[in-house]
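Below: one structure, written as structure tokens.
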Amino acid sequence: MDFLVRIASLVRKELLAVLRDKKSRLALIIPPIIQIAIFGYAATMNVTRVPYAVLDKDGGEAAAQYIADLEGTGIFRRQAAAATEKDIDRMIDNREIVVGLTIPPDFSRSIQTGRPASLQLIADGRNTNTAAIALSYGQQIASAYGADLLSQNGGSSPVEIESRAWFNPNLESRWNMMPGLIAALSMLQTLLLAALSVAREREQGTFDQLLVTPLTP
């Protein structure tokens, strides 16, 4: 109990010193507010408006529908239409696009005849996080597209999952990261104030007075 009293006395002394010093007050309030405001927009793992190029060798209605579904999500933004595979390679090498989509010439015919149809997604692996998320989105859109075709042809999936995300329905990553950032910034501010306190005592020539505070070494 006596230990807590000594700690409380030192905390009171430091609070009074910080609140009386204008520079310390600014360092305590302004930087955390600015950092939280900046990190609120910068600290996000969501991927939007991913630049991509499409090489449509099919030109059919099914291919156009998949491209429309891809762009309708708001995740992908068409940067260019490629003429050959080399165009996609060049644009990825030059960082003009993140994802290259190739639709084979038999895509629509395979769908019309009920055969499995394949698509090719090539991602720039230099940005591993963006590439992985973009590929995952592309696969999800393809799965949804296939399920829609299945329902149009009279079939139905044996299992249907309806998912809901509570408290964060849009799955924005900043709502998950911000509480941790606030705690981390608060810890850094505490360390900063402790360092400023020691420096202040040294500058004012009162460093030795710390030895007579209620706090033991």
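The values are calculated or read from the model by the stated rules, or taken from the named source; none is laboratory data. Quick caveat: nothing in here was measured; it's all calculated off a predicted structure. Heads up, the Cβs are rebuilt from the backbone with ideal geometry, glycines too, and the neighbour counts pull from every protein chain shown. All accessible areas refer to the heavy atoms of the entire protein, side chains included, with ligands and DNA or RNA removed. Shrake-Rupley method; radii C 1.70, N 1.55, O 1.52, S 1.80 Å.
For the stretch 57-74: of the residues being in contact with a helix residue (DSSP H, G or I) (Cβ under 6 Å, 6 or more places away or on another chain) and charged (D, E, K, R), which is most open to solvent (accessible area, probe 1.4 Å)? Walk me through it before giving the result.
Initially, the stretch 57-74 is screened for residues in contact with a helix residue (DSSP H, G or I) (Cβ under 6 Å, 6 or more places away or on another chain), giving 58, 60, 62-63, 66, 69-70.
Subset that is charged (D, E, K, R): 58, 69.
Values: 58: 35, 69: 52 Å².
Among them, the one singled out is 69.
Scan the stretch 54-74 residue by residue and report those that are in contact with a Lys or Arg (Cβ under 7 Å, 6 or more places away or on another chain) and not charged (D, E, K, R).
In the first step, residues of the stretch 54-74 are kept if they are in contact with a Lys or Arg (Cβ under 7 Å, 6 or more places away or on another chain); the result is 54, 71.
Across the stretch 54-74, the qualifying residue is only 54.
Applying the selection to the stretch 68-108, what residues are of a type in the set (A, V, I, L, M, F, W, C) and under 24 Å from the mean Cα position of the chain (by Cα)? Before the answer, list the steps.
To start, the set of residues in the stretch 68-108 that are of a type in the set (A, V, I, L, M, F, W, C) comprises 68, 70, 75-76, 80-83, 88, 91-92, 97-99, 101, 103, 107.
The answer is 70, 75, 76, 92, 97, 98, 99, 101.
Show the residue pairs that are 6+ apart or on different chains and have beta-carbon atoms under 7 Å apart, the first residue being within the stretch 32-61 and among the charged types (D, E, K, R), the second being in a strand (DSSP E or B).
Short answer, once both residue conditions are applied: 49/77; 56/103; 57/103; 58/103.
Which ones in the stretch 37-56 are at pLDDT below 90 and either closer than 11 Å to residue 174 by Cα or open to solvent by less than 50 Å² (accessible area, probe 1.4 Å) (or both)? Please lay out each step first, then the result.
Taking the stretch 37-56 and keeping what is at pLDDT below 90, we get 37-50.
Scanning the stretch 37-56 gives 39, 40, 41, 42, 43, 44, 45, 46, 47, 50.
Residues are listed down the side, and each one gets a yes or a no for (1) closer than 23 Å to residue 51 by Cα; (2) open to solvent by 40 Å² or more (accessible area, probe 1.4 Å); (3) at pLDDT 90 or above; (4) touching a helix residue (DSSP H, G or I) at 6+ places or on another chain (Cβ under 8 Å):
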| position | (1), (2), (3), (4) |
| --- | --- |
| 80 | yes, no, no, yes |
| 91 | yes, no, yes, no |
| 114 | no, yes, no, no |
| 117 | no, yes, no, yes |
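If we keep just the residues of the stretch 120-131 that are touching a strand residue (DSSP E or B) at 6+ places or on another chain (Cβ under 8 Å) and part of a helix (DSSP H, G or I), which is farthest from residue 49 (Cα to Cα)? Walk me through it before giving the result.
First pass over the stretch 120-131, keeping only residues touching a strand residue (DSSP E or B) at 6+ places or on another chain (Cβ under 8 Å): 120-124, 130-131.
Right, trim to part of a helix (DSSP H, G or I) and you get 130-131.
Working: 130: 11, 131: 13 Å.
Filtering the stretch 120-131 for residues that are touching a strand residue (DSSP E or B) at 6+ places or on another chain (Cβ under 8 Å) and part of a helix (DSSP H, G or I), the one farthest from residue 49 (Cα to Cα) comes out as 131.
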